[in-house]
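Bear in mind these aren't lab numbers, they're just calculated from the coordinates by the rules spelled out. Please read all numbers here as calculations on a predicted model, not as lab measurements. For neighbour counting, all protein chains shown are included, and Cβ atoms are generated from backbone atoms with ideal geometry for every residue, glycine included.
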Amino acid sequence: MNSHTLSQVINSLEQRNFFDYINDLRVQEFKRLAALPANGQFTLLSLAFEAGFNSKTSFNRNFKRRRASLPRNTAYRRISARQARSSHQQGSFSFGTR
């Protein structure tokens, strides 16, 4: 499948453009990585890079667009870990918006 066709499929099925779709996936991956206790030694920025963002600005812009706020290092990790534990016990995992 060529890139033009793929972009059209994403536009029609997801009702958003390719870049928004990819950045949503990156934000989801960042949230998954931040919730893992083993990643507590890493900075949020290093986890953002691991999730596929190429700059701090890109990460902040996309994270804020989807969450309405930026993550704060220790507070975000505590909330993420608590939600991960709670969701794991309930069988699902979801980050709500404020």
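The number of residues in region 50-59 being more than 16 Å from Leu33 (Cα to Cα) and not hydroxyl-bearing (Ser, Thr, Tyr) comes to 2.
Applying the criterion of being under 14 Å from Phe19 (Cα atoms) and of a type outside the set (Lys, Arg) to the residues of region 32-65, the residue that is surrounded by the fewest Cβ atoms within 10 Å (Cβ to Cβ) is Asn54. Contact map, region 26-38: first residue under 19 Å from Arg61 (Cβ atoms), second residue of a type in the set (Asp, Glu), Cβ cut-off under 9 Å, separation 6 or more or different chains; pairs are Glu29/Glu50; Phe30/Glu50; Leu33/Glu50.
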